[in-house]
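These notes are about the structure you will find just below.
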Amino acid sequence: MTDKFEISFIAVVIAILSFFVYALLQGTTIGYQPPSACSVYPAVNTFKSGVVEIQPGVYEVRIVAARYYFDPSTIILKNPKKVIFEILSKDVLHGFEIVGTNVNVMVLPYYQATFTWDVPSELKGNFMIICNEYCGNGHPNMYAELIIER
Amino acid sequence: MNFKLEDRFSKIAIVFAFTVLAIGGMFGLLQLLTRTPYSPIQLSPDQYYLSLTAHGVLLAIVWTAFFIMGLAVFVISRELNINLNKYLLQGSLILSIVGVIMTTAAILSGTSNVLYTFYPPMNASALFYLGLTILILGTWIFAATIFLAFIRWKKATKSAIPIATFGVLTTLIIWLEATPGVAIEVIKDLIPMSLFNTPVDVLEARTYFWYFGHPLVYFWLLPAITLWYFFIPRLLNTKLYSERLPKVAFILFILFSTPVGIHHQFVDPGIANQYKFLQSVLTYLVTIPSFLTAFTLLATMEKSYRERGGKSLFGWIKELPWRDSVFAGIAFSMILFAFGGIGGIINASYTLNALVHNTTWIVGHFHLTVATAVTLTFMVSSYVLIPAIFNKAIIFKKLTVLQPYLWFIGMTIFSTAFHIAGLYGMPRRTADILYGGLAPSIWIELAQIAAIGGVILWVSGVIFIFNSGTSILKGAHVAMDAGSLFEKVNEKETILDRISVWVILAIIIIILAYVFPFLQIYSRGLSPAPPLPP
Ligand code: HEM
Ligand SMILES: [Cu+2]
Ligand SMILES: [Cu+2]
């Protein structure tokens, strides 16, 4: 490869990609991390859902995802700063997306997903929670609501 | 030399592919209208998911694979001037078709609405999985047929591999790298699940699936790129800017197209962040060959203009043969593929992915890549392949020019609307976007715009099927020596032509990228879930 245009083009491509990788690395340090923690949870019927404020502004929200509902179906949080979600599917694969935020996670049956959401301080009002992975005929009816009060 | 047998294979495979494209496209339209609030056509949810399963399986897997097989046989036999083994060729075609018929029957019976990703523990009928297994077996025999002939040629000539053959071989190598993943998933997990109700671990199954699912996209794309490398210089009466850079690009695809599947699982719990990050970076590397392809092709276009004495900096763009259907179709494919690639970098980003995962952004994305860069390229190439393989002239020449323009316009509208809607969080794979009235009004507006684009796109598809169908059946006979499309090169082989070296390197990279995620999954202990009907 002796052509000078080829060489300079390859150099430009490598520069662009290096910048992207640098941006990725930056991104990992400013807060958002993919929801990767999980634990196997074969005794799905013992899982208890509910919302608990464990410290001021820090909530633990345990959710059951099943055909075709989320339990609890309305989640109300007052001045949340951090939300620790623990979600378990009792039957098939579901998705958990809070529309308009970066909360988006696959909910695998018999695995409990655990992740923390740093709630942006300006966020308030009503948000749709939808299942965003096909789970059966009732999939378009699988949604819930999150209400953030400030 | 006589290529009757090879051409018969290509004819059957291509006609089968066109039929599947017509059926799959019909389902696409029905889906699109169902997703559009207030449209007159509304499928019920079970019809919708039947349609979506058929659309995904028939278009993403069957249409592409059959067209590619037909094309591969044509390219290998003519460019290398060799015959293929008759029994292997026929066996592979029969198995592949039988497999497709079984899977399609399972889908149409309504018992297998599991979509083309068929995630367990949702359970389809055993016929669905058995059909897929037989199809894969057929494609493996097909790949073996091609490689046996190639090895014979290589021993006899010891020369460098011509570029189109190089593209076909790369395609098949990627298919062979990828398919063991889905074969393991189906044989180890899904067939036992559907026959004996055996529980399945979803994380494990998804990881095997996406080990296959990502390289699958390069299996679609590489034949399209090969056709670009093949047609562009011929249409412009020049030579490729470089013969070496395309081979480097193909080799990079061999190396990096497989160890990246986890970028479909960024938001799966159960795979550690560092492995997700590694595969994110590896995905960036696999953009390099796409960049190189863009460079070589654009440089070839500009070169042909300069050779004709053109001076102005951008004048070459205007001088390109925009009224030639093959050129226009390929150019539109390249343009939309560029946007598909930029979007793909966003999808593959470790962090940004959460914003777009499972939204209509993704649907917009792959309708640019597989449904345009690949499908539109295959469509316009057919305007040359029909005379070359079927010896039939295209009947409606003007329609061949209109068709790629309509596809381009329709797809631009459809895909842009779906990309934007995805950023507003609109989910894919849903039969009804209203969510009991909670849905933001912007979703509805964007869905309606997408519907306009989708209808234009569909009309273009109908024109294509009509024109190529009537031409194959009723076109005037043309005596075309297809071998003359290819030029004879007799260069010495270089390290780039030593494909086995690159395959070994690829296997090493794949092992490095996947051994740790799998260790993590298995050492944690599996958590299998019992199967349930859709
Ligand atoms: C006739 C033009 C087409 C239209 C109107 C169309 C429309 C659609 C729509 C609306 C969806 C999304 C459905 C949903 O997520 O709920 C979809 C999904 C899809 N389309 Fe198309 N499409 C067309 C052509 C194609 C072509 C040519 C291909 C591939 C070669 C293709 C491949 C796919 C795939 C793989 C999916 C994903 C299926 C899934 O989520 O399981 N489409 N299509
Ligand atoms: Cu769902
Ligand atoms: Cu991918």
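The values are calculated or read from the model by the stated rules, or taken from the named source; none is laboratory data. Small disclaimer: the values here were computed from a predicted structure and weren't measured. Every residue, glycine as well, gets a Cβ built from its backbone with ideal geometry; the counts of neighbours run over all protein chains shown.
Would you confirm whether any residue within the stretch B:362-384 is in a helix (DSSP H, G or I), in contact with a strand residue (DSSP E or B) (Cβ under 7 Å, 6 or more places away or on another chain) and away from ligand 3 (no atom under 15 Å from the Cβ)?
no
If a residue must be within 9 Å of chain B (Cβ to nearest Cβ), in a helix (DSSP H, G or I) and under 30 Å from A:P72 (Cα atoms), how many such residues does the stretch A:1-57 contain?
1
With the structure loaded, tell me whether B:Y38 is at positive phi, out of contact with any helix residue (DSSP H, G or I) (no Cβ under 7 Å at 6 or more places or on another chain) and away from ligand 3 (no atom under 16 Å from the Cβ) or whether it fails that test.
Against the criterion (at positive phi, out of contact with any helix residue (DSSP H, G or I) (no Cβ under 7 Å at 6 or more places or on another chain) and away from ligand 3 (no atom under 16 Å from the Cβ)), B:Y38 qualifies.
Only one of (1) at the interface with another protein chain (Cβ under 7 Å from one of its Cβ atoms); (2) in contact with a helix residue (DSSP H, G or I) (Cβ under 8 Å, 6 or more places away or on another chain) is not met by A:G100, so which one is it?
Tallying (1) at the interface with another protein chain (Cβ under 7 Å from one of its Cβ atoms); (2) in contact with a helix residue (DSSP H, G or I) (Cβ under 8 Å, 6 or more places away or on another chain), A:G100 fails exactly one: (2).
Can you find a residue that is outside any helix (DSSP H, G or I), touching a residue at least 60 places away in the same chain (Cβ under 8 Å) and not hydrophobic (A, V, I, L, M, F, W, C) anywhere in the stretch B:446-468?
Within the stretch B:446-468, none of the residues are outside any helix (DSSP H, G or I), touching a residue at least 60 places away in the same chain (Cβ under 8 Å) and not hydrophobic (A, V, I, L, M, F, W, C).
Considering only residues of the stretch A:111-125 that are surrounded by fewer than 24 Cβ atoms within 10 Å (Cβ to Cβ) and closer than 26 Å to B:T207 by Cα, which is farthest from the other protein chains (Cβ to nearest Cβ)?
A:T116
Need pairs with beta-carbon distance below 8 Å; first residue at the interface with chain A (Cβ under 8 Å from one of its Cβ atoms) and within the stretch B:108-134, second within 16 Å of ligand 3 (Cβ to nearest atom); sequence gap 6+ or separate chains.
What qualifies is B:L115/B:G56; B:Y119/B:R206; B:Y119/B:F209.
Table: residues versus (1) touching a residue at least 24 places away in the same chain (Cβ under 8 Å); (2) more than 16 Å from ligand 2 (Cβ to nearest atom).
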| site | (1), (2) |
| --- | --- |
| A:A65 | yes, no |
| A:N79 | yes, yes |
| A:Y110 | yes, yes |
| A:V119 | yes, yes |
| A:L123 | yes, yes |
| A:N126 | no, yes |
| A:I129 | yes, no |
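Looking at B:T430, B:T359, B:T372, can you tell me which residue is within 9 Å of ligand 1 (Cβ to nearest atom) and within 14 Å of chain A (Cβ to nearest Cβ)?
B:T430
Which of (1) surrounded by 23 or more Cβ atoms within 10 Å (Cβ to Cβ); (2) under 27 Å from B:K239 (Cα atoms); (3) in contact with a helix residue (DSSP H, G or I) (Cβ under 7 Å, 6 or more places away or on another chain); (4) away from every other protein chain (no Cβ under 14 Å) is the odd one out, the single condition B:P289 does not satisfy?
(4)
Output yes when any residue across the stretch B:260-272 is more than 7 Å from chain A (Cβ to nearest Cβ) and away from ligand 3 (no atom under 16 Å from the Cβ), and no when none is.
no
Of everything in the stretch B:50-69, what is touching a Phe, Trp or Tyr at 6+ places or on another chain (Cβ under 7 Å) and more than 16 Å from ligand 3 (Cβ to nearest atom)? Give them in sequence order.
B:S51, B:T53, B:A54, B:H55, B:V57, B:F66, B:F67, B:M69
Please go through the stretch A:15-51 and pick out each residue that is modelled with pLDDT under 95 and among the β-branched types (V, I, T).
The answer is A:I16, A:V21, A:T28, A:T29, A:I30, A:V40, A:V44, A:T46.
Quick one: which of B:A249, B:A299 is of a type in the set (A, V, I, L, M) and within 9 Å of another protein chain (Cβ to nearest Cβ)?
Matching residue, one of B:A249, B:A299: B:A299.
Say we look at the stretch B:185-217 and pick out the residues that are away from ligand 1 (no atom under 16 Å from the Cβ) and under 30 Å from B:V75 (Cβ atoms); which of these is surrounded by the fewest Cβ atoms within 10 Å (Cβ to Cβ)?
Per the criteria, the residue is B:V186.
Quick check, is B:G483 surrounded by fewer than 20 Cβ atoms within 10 Å (Cβ to Cβ), in a helix (DSSP H, G or I) and in contact with a Lys or Arg (Cβ under 6 Å, 6 or more places away or on another chain)?
Yes, satisfied.
Among (1) among the aliphatic types (A, V, I, L, M); (2) surrounded by 15 or more Cβ atoms within 10 Å (Cβ to Cβ); (3) closer than 30 Å to B:S159 by Cα, there is one condition B:A529 misses while meeting the rest; what is its number?
With respect to (1) among the aliphatic types (A, V, I, L, M); (2) surrounded by 15 or more Cβ atoms within 10 Å (Cβ to Cβ); (3) closer than 30 Å to B:S159 by Cα, B:A529 is out only on (3).
Looking at the stretch B:336-351, which of the residues that are facing chain A (nearest Cβ under 10 Å) and in contact (Cβ under 8 Å) with a residue 24 or more places away in the chain is nearest to ligand 3 (Cβ to nearest atom)?
Ranking the qualifying residues of the stretch B:336-351, first place goes to B:A348.
Report, by residue number, each residue of the stretch B:222-255 that is farther than 21 Å from B:T494 by Cβ and in a helix (DSSP H, G or I).
B:P223, B:A224, B:L227, B:W228, B:F231, B:I232, B:R234, B:L235, listed by residue number.
Residue by residue, here is whether (1) over 30 Å from B:I342 (Cα atoms); (2) in contact (Cβ under 8 Å) with a residue 60 or more places away in the chain; (3) among the acidic types (D, E) holds:
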| residue | (1), (2), (3) |
| --- | --- |
| A:V12 | no, no, no |
| A:F20 | no, no, no |
| A:T29 | no, no, no |
| A:P42 | yes, yes, no |
| A:K48 | yes, no, no |
| A:E53 | yes, no, yes |
| A:Y68 | yes, yes, no |
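If the requirement is being modelled with pLDDT under 95 and over 30 Å from A:W117 (Cβ atoms), which of these qualifies: B:F295, B:F332, B:F337?
That would be B:F295, the only listed residue that is modelled with pLDDT under 95 and over 30 Å from A:W117 (Cβ atoms).
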